[in-house]
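Notes for the one structure printed next.
The values are calculated or read from the model by the stated rules, or taken from the named source; none is laboratory data. Owing to the predicted nature of the structure, the values given are computational and were not obtained by experimental measurement. FYI the Cβ positions are ideal-geometry reconstructions off the backbone, even for glycines, and counts take in every protein chain you see.
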């Protein structure tokens, strides 16, 4: 599941907002991550069928398939059952975080995020 | 990509979002909206809010937050879509558009206070009212229900609370500090990996000082999805608790954390797997025999077990107890009739004893189950005291009654804490005394003449008798000029109210004094004694019965009564020489035991037995040890026997009687009362003092 040494950690960012994806991409790529992007949950699901990744970062509110739906589908299969998945949330309330955990997320990133904290969170869960 | 370029994407996105929201609201106005329409409007506003926060457009973010709160309720169906509401949302969209332009051009944001109030009022009003009410949104609507806490709490701003917490974190502690952590099963699901958190701590300068794997079961009972392991880490002084908490934030309460050296280890949350061994399985199926070079003789599967309800077992033990009594009665009858069937009788006696032992063995469990908890207790103690202690355990296979085993944990734990805390000296003092720096704690169990001896022995400094004596005087337990032997001084630590714990540390002082330890042991029908040698160490010796159902007792005669004194209380028995007993007042007498005076309790008078001997010189004195009043001498006419007896509760057959602990049936079929020595002596001493005062 882990990448070979010296291989950059691969991250898939899933957000329907291009600017949010750009922000994530900027922060992660400048810290040495290999970043891929998907427009929404459905696109992410399709991309993940044929591609592999180390960490998934997903927004919750998205058209077609939202973040919780994406996590549910990924956890149901065996290939991504143990994949670290972080959700992007604007809510810092503990019950919202708890909900993310219950939905199967590994962790969360509160928007707006501090790039250093984002990178730390991804490193924290990257197997 | 620069920040400006990303912002440009954001503003382009805002145009798209505004257009999407406009289209959605148009559908609302036309009455053709559905769930997807509302969701799209919500998402559009939500998206603008997210970007506004990321790029620091505070006014835009605040406005979208209030707007989003209303839309969220519309989406949930708690606020109904009405023409006035659609009107309000359209006006809000116009203001939102102005906000976006202002943010893009860096001009002052539009005035939005009145509109914000309207949005909040609409949300609040509808949240409580029936959906169909068509109140004009512009009408002054007093807000009957308060704004939901979530909206009020973070009015507009998504603050990075974690960053704030970090900034506000308490000043760093002065030295390296200790963290104990124990990930539970929940920390290992959904992509969670506690190892990464450990690594993060290590890369921040922490080091693992110990791994607690005492809970790891045998391989066949191991469930890889359970959290058996715990770690103790030394963290650098500049690492704050908040920083640690952040590392474990995702694990939430699925990873137990204990900050500081004094904090106990977070308890494990191991879910026991369905016990497979309890089902009587086909031999060899559940427990495959170990591979042997020669297959043939199918060895009996080790550890095969069957689960029995405890009450069923107790009935069996009870019946066996009756059998023991019946056998004794028969032996007595036949013995007095001339021993015509001596051979057969001996056989029955042997068989009875075998049955009794087998029945007791069913309830028996190896003491190892209690001992196995000790290493962990010791590790925690060494961690918190900084003392190094080596553990030596022997006799783990010694078996005791299940009830005794269950109730032994607490006193034993306390004795071990006591030994490490008070007994074993710090390394420097040990070296100065010519000992090895590492202390030794010996824990042993053995069966000896129908009783179990458990020793908790340390090689520490021994009991500081001068200090114990001074402390007892200070506590008013003894007179300053009391003449006590060394052993008697040692025993003072068991006196209620005596505790040296708070002087030394907070480890032993957990609300349990040594008096409670002694009481626990006595409740089990046992005794605890101390062997202490200054400079060499201290040993606490627990003498416990094999079972609680059968006990050892001294059969005594008082007048026309036969009674049983539990052997656990008896220290010695003696015939007093003339002059050993001194009168004290009109009715009280004291016995001189090697220079020390203890009260004489005339059993016959206390219990109202007829025809008993009044004067100690005519009878026998049994020196007993009691819980609250130290030693006393029971005056009885004679001692007739010392033997095992089956305890029968008086409460269930009659009622509770003061001074009587229960009853038993003697070999000759008579019922004898078992004395409650503690209660009797307490009552007698109190009555004597009253008489004296009168």
Exercise. Looking at the range B:447-459, is at least one residue buried (at least 19 other Cβ atoms within 10 Å of the Cβ), farther than 22 Å from residue B:388 by Cβ and at pLDDT 80 or above?
Worked result: yes
For this session: Taking only the range A:61-82 into account, find how many residues are crowded, with 17+ Cβ neighbours inside 10 Å, in contact with a helix residue (DSSP H, G or I) (Cβ under 6 Å, 6 or more places away or on another chain) and within 9 Å of chain B (Cβ to nearest Cβ).
Result: 3
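Filter the range A:99-112 for residues that are facing chain B (nearest Cβ under 7 Å), over 27 Å from residue B:10 (Cβ atoms) and either at pLDDT below 80 or out of contact with any strand residue (DSSP E or B) (no Cβ under 6 Å at 6 or more places or on another chain) (or both) and give the result.
From the range A:99-112, those facing chain B (nearest Cβ under 7 Å) are A:101, A:104-107, A:110-112; that's our starting set.
If we keep only those that are over 27 Å from residue B:10 (Cβ atoms) as well, we get A:101, A:104, A:106.
If the condition is that a residue be facing chain B (nearest Cβ under 7 Å), over 27 Å from residue B:10 (Cβ atoms) and either at pLDDT below 80 or out of contact with any strand residue (DSSP E or B) (no Cβ under 6 Å at 6 or more places or on another chain) (or both), then A:101, A:104 are the ones that fit.
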For this session: Of the conditions (1) within 27 Å of the chain's Cα centre (by Cα); (2) at pLDDT below 90; (3) under 25 Å from residue B:389 (Cβ atoms), residue B:467 clears all except one; give me its number.
Result: (1)
Exercise. Quick one: in the range A:118-127, which of the residues that are at pLDDT 85 or above and within 7 Å of chain B (Cβ to nearest Cβ) is farthest from the chain's Cα centre (by Cα)?
Worked result: A:124
Exercise. For the range B:1-117, list the helices (runs of 4 or more DSSP H) that sit wholly inside it and hold at least 3 residues that are facing another protein chain (nearest Cβ under 9 Å) and over 19 Å from residue A:59 (Cβ atoms); which are they?
Worked result: B:3-30
Problem set entry | residue B:90 being buried (at least 23 other Cβ atoms within 10 Å of the Cβ), closer than 20 Å to residue B:28 by Cα and in contact (Cβ under 8 Å) with a residue 60 or more places away in the chain | no
Exercise. Is it the case that residue B:394 is closer than 21 Å to residue B:524 by Cα and touching a strand residue (DSSP E or B) at 6+ places or on another chain (Cβ under 9 Å)?
Worked result: no
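Please work out if residue A:91 is modelled with pLDDT of 90 or more and either facing chain B (nearest Cβ under 9 Å) or under 24 Å from residue B:200 (Cβ atoms) (or both).
Working: modelled with pLDDT of 90 or more: no; either facing chain B (nearest Cβ under 9 Å) or under 24 Å from residue B:200 (Cβ atoms) (or both): yes.
When the stated conditions are applied, residue A:91 does not pass them.
Would you confirm, using the coordinates I've provided, whether residue B:392 is surrounded by fewer than 17 Cβ atoms within 10 Å (Cβ to Cβ) and in a strand (DSSP E or B)? If you could, list the steps in order and put the result at the bottom.
Working: surrounded by fewer than 17 Cβ atoms within 10 Å (Cβ to Cβ): yes; in a strand (DSSP E or B): yes.
For residue B:392, the condition - surrounded by fewer than 17 Cβ atoms within 10 Å (Cβ to Cβ) and in a strand (DSSP E or B) - is met.
For the range A:32-55, which positions are within 12 Å of residue A:122 (Cβ to Cβ) and surrounded by 15 or more Cβ atoms within 10 Å (Cβ to Cβ)? Explain how you work it out, then say what you get.
Initially, the range A:32-55 is screened for residues within 12 Å of residue A:122 (Cβ to Cβ), giving A:32-35, A:53-55.
Within the range A:32-55, A:33, A:34, A:35, A:53, A:54, A:55 qualify.
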